[in-house]
Amino acid sequence: DAGVIQSPRHEVTEMGQEVTLRCKPISGHNSLFWYRQTMMRGLELLIYFNNNVPIDDSGMPEDRFSAKMPNASFSTLKIQPSEPRDSAVYFCASSLGTPVSGANVLTFGAGSRLTVL
Amino acid sequence: AQSVTQLDSQVPVFEEAPVELRCNYSSSVSVYLFWYVQYPNQGLQLLLKYLSGSTLVKGINGFEAEFNKSQTSFHLRKPSVHISDTAEYFCAVSDQQAGTALIFGKGTTLSVSS
């Protein structure tokens, strides 16, 4: 398996533009997580899906952020409109099972580095 | 809700010296505990995890961690570090019953020099 695949790896955009980040989880994994990493706040959970259903989206900063998982092999994180404070590295991770089972061995993608000018 | 505090943001050490990276957590319920490592420009990789049983957990690359429930700590140790251990290390916690996703600490940068 190629692991968790994220695209794009780097994105530079201007304030106000729409940004879409993409993630392909490991085949067979049924939980998917979006995290954001910044120097100031570290790694923050944005949203968590299980079997394509959003379970916890309490970390989504505001209405400008939205995430979807239309099927088991694809998820998107969209920011519209983007702002400079959204600049960060966005990680997607997947796992087999749910957190309550202790199966929280997350496999992370390489991340998408977003810069909003 | 859980939280994780990594007490040192940066730890510089010399090659072949021992190292301890400290992690304390806060939770009113039983937890699962994890250490992940992030090499430059990469995603995080699992080092080790504590789910239950023995409080001393061994992981990859010679690392180990000890769960101390009374002190709510899960410190990471290695008796002799290598240059290649230079990376950022993250402690993480999740609630056993509620099934929350992992909550990460802010990370500790380990810098190993010769």
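Each value in this text was obtained by applying a stated rule to the coordinates, not by laboratory testing. Only a predicted model underlies this, so the values are computations on that prediction, with no experimental measurement involved. Counting neighbours? That spans all protein chains shown, and the Cβs are built from the backbone with ideal geometry, glycine included.
Going residue by residue through the range B:42-54, is there one that turns out to be away from every other protein chain (no Cβ under 14 Å) and either farther than 23 Å from A:ALA88 by Cβ or surrounded by fewer than 12 Cβ atoms within 10 Å (Cβ to Cβ) (or both)?
Kept after step one, since they are away from every other protein chain (no Cβ under 14 Å), are these residues of the range B:42-54: B:54.
The next check asks that each one be either farther than 23 Å from A:ALA88 by Cβ or surrounded by fewer than 12 Cβ atoms within 10 Å (Cβ to Cβ) (or both); those that pass are B:54.
Taking every residue of the range B:42-54 in turn, at least one turns out to be away from every other protein chain (no Cβ under 14 Å) and either farther than 23 Å from A:ALA88 by Cβ or surrounded by fewer than 12 Cβ atoms within 10 Å (Cβ to Cβ) (or both).
Quick one: would you say A:SER58 is under 14 Å from the mean Cα position of the chain (by Cα) and surrounded by fewer than 21 Cβ atoms within 10 Å (Cβ to Cβ)?
On the way: under 14 Å from the mean Cα position of the chain (by Cα): yes; surrounded by fewer than 21 Cβ atoms within 10 Å (Cβ to Cβ): yes.
So A:SER58 passes the test.
Yes or no, residue by residue, for (1) within 30 Å of A:CYS23 (Cα to Cα); (2) more than 12 Å from the chain's Cα centre (by Cα):
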site: B:SER30; (1), (2): no, yes
site: B:TYR36; (1), (2): yes, no
site: B:GLN45; (1), (2): yes, no
site: B:LEU48; (1), (2): yes, no
site: B:VAL57; (1), (2): no, no
site: B:ASN68; (1), (2): no, yes
site: B:THR108; (1), (2): yes, no
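Among the listed residues A:ARG36, A:ARG85, A:ARG113, A:ARG41, which satisfies the condition of being surrounded by fewer than 14 Cβ atoms within 10 Å (Cβ to Cβ) and within 13 Å of chain B (Cβ to nearest Cβ)?
A:ARG41
Taking the range B:56-114, which residues are under 12 Å from B:TYR36 (Cβ atoms), within 11 Å of another protein chain (Cβ to nearest Cβ), small (Gly, Ala, Ser) and outside any strand (DSSP E or B)?
B:GLY105, B:GLY107
Which condition number in (1) surrounded by 15 or more Cβ atoms within 10 Å (Cβ to Cβ); (2) closer than 30 Å to B:THR5 by Cβ is the one that A:ASN52 fails?
Evaluating A:ASN52 over (1) surrounded by 15 or more Cβ atoms within 10 Å (Cβ to Cβ); (2) closer than 30 Å to B:THR5 by Cβ leaves (2) as the failure.
Give the residue, chosen from A:SER95, A:SER27, A:SER66, that is at negative phi and within 14 Å of chain B (Cβ to nearest Cβ).
Details: A:SER27 fails: within 14 Å of chain B (Cβ to nearest Cβ); A:SER66 fails: within 14 Å of chain B (Cβ to nearest Cβ).
Checking each option against the conditions leaves just A:SER95.
Could you list, ordered by first residue, the pairs with Cβ atoms under 8 Å in which the first is in the range A:1-22 and closer than 16 Å to A:THR107 by Cα and the second is basic (Lys, Arg) and part of a loop (DSSP other than H, G, I, E, B), at least 6 apart or interchain?
Qualifying pairs under 8 Å: none.
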